[in-house]
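Read through the structure below, which is laid out as structure tokens, and then see the notes.
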Amino acid sequence: MFDATTILAYRSESGEAVIGGDGQVTHGSTVLKGNATKIRTVGDGRVLSGFAGSTADAFNLFDMFEKHLNSKKGDLLKSVIAFSKEWRKDKYLRQLEAMMIVLNQKHIYILSGTGDVVEPEDGCIASIGSGGNYAISAARALKNHSKLSPEKIVRESLLIASKLCIYTNDNIKILKLGK
């Protein structure tokens, strides 16, 4: 886990995709910034992505992933596999302490520099970062025991994580596809 952030992604059965992240950037025990944006759309707005790890590395990895997404004509599965291979094989990039979540309205994946391409067992909720376990626990409970919209589930889950994880704040940003 990375002591840097919390990113939560949710893909509903009705085809809505939502990703959210907090805004806190830390260095050791110091908060450097409280309003950073760690999520973005890629692939002409067809894919959502989020990043946990070093901020400088995020820009390189987002650009590298988008290059693969464009070369694979938007096919998310083919893109994550090609991206994962390049990330794992590159001597510099594989040393990065980073993880990404990418999703569209059909798929959701967690990616790492060790070559991991993980699709969550339930196919609908994934999280990364130091507050990820808090956020995913809250999201699963809210999904199963409430009638909240996917966007509300992500926002409320991240707010819960911000109360428990010192590396996560309540400056939440959300992106969504569908509905």
Problem set entry | Selection from region 126-160 of residues that are farther than 19 Å from ARG11 by Cα and more than 14 Å from the chain's Cα centre (by Cα) | ILE160
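Do you know which residues across region 9-35 are hydroxyl-bearing (Ser, Thr, Tyr) and under 16 Å from the mean Cα position of the chain (by Cα)?
Those that are hydroxyl-bearing (Ser, Thr, Tyr) and under 16 Å from the mean Cα position of the chain (by Cα): TYR10, SER12.
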For this session: Only residues that are within 19 Å of LEU96 (Cβ to Cβ) and in a strand (DSSP E or B): list them for region 35-83, please.
Result: ILE39, ARG40, VAL42, SER49, GLY50, PHE51, ALA52, GLY53
Exercise. Name the residues in region 1-34 that are in contact with a Phe, Trp or Tyr (Cβ under 8 Å, 6 or more places away or on another chain), surrounded by fewer than 24 Cβ atoms within 10 Å (Cβ to Cβ) and in a strand (DSSP E or B), would you?
Worked result: THR26
For this session: Tell me which of these LEU142 doesn't satisfy, since it passes every other one: (1) in contact (Cβ under 8 Å) with a residue 24 or more places away in the chain; (2) in contact with a Leu (Cβ under 8 Å, 6 or more places away or on another chain); (3) not charged (D, E, K, R).
Result: (1)
For this session: Would you check which residues across region 35-63 are surrounded by fewer than 16 Cβ atoms within 10 Å (Cβ to Cβ) and farther than 20 Å from SER127 by Cα and list them?
Result: ASP44, GLY45, ALA56, ASN60, ASP63
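Determine, yes or no, whether ILE101 is of a type in the set (A, V, I, L, M), outside any strand (DSSP E or B) and touching a strand residue (DSSP E or B) at 6+ places or on another chain (Cβ under 6 Å). Show your work before the answer.
Working: of a type in the set (A, V, I, L, M): yes; outside any strand (DSSP E or B): no; touching a strand residue (DSSP E or B) at 6+ places or on another chain (Cβ under 6 Å): yes.
When the stated conditions are applied, ILE101 does not pass them.
Conditions tested, residue by residue: (1) more than 19 Å from ILE101 (Cα to Cα); (2) at pLDDT below 95; (3) loosely packed, with under 15 Cβ neighbours inside 10 Å; (4) in contact with a Lys or Arg (Cβ under 9 Å, 6 or more places away or on another chain).
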| site | (1), (2), (3), (4) |
| --- | --- |
| VAL117 | no, yes, no, no |
| GLY123 | no, yes, yes, yes |
| GLY129 | no, yes, no, yes |
| ALA139 | no, no, no, no |
| LEU142 | yes, no, no, yes |
| VAL154 | no, no, no, yes |
| ILE160 | yes, no, no, no |
| ILE166 | yes, yes, yes, no |
| ILE174 | no, no, no, yes |
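The values are calculated or read from the model by the stated rules, or taken from the named source; none is laboratory data. Please read these numbers as outputs of a predicted model, since none were measured by experiment. Here the Cβ is made from the backbone with ideal geometry for all residues, glycine too, and neighbour counts use every protein chain on show.
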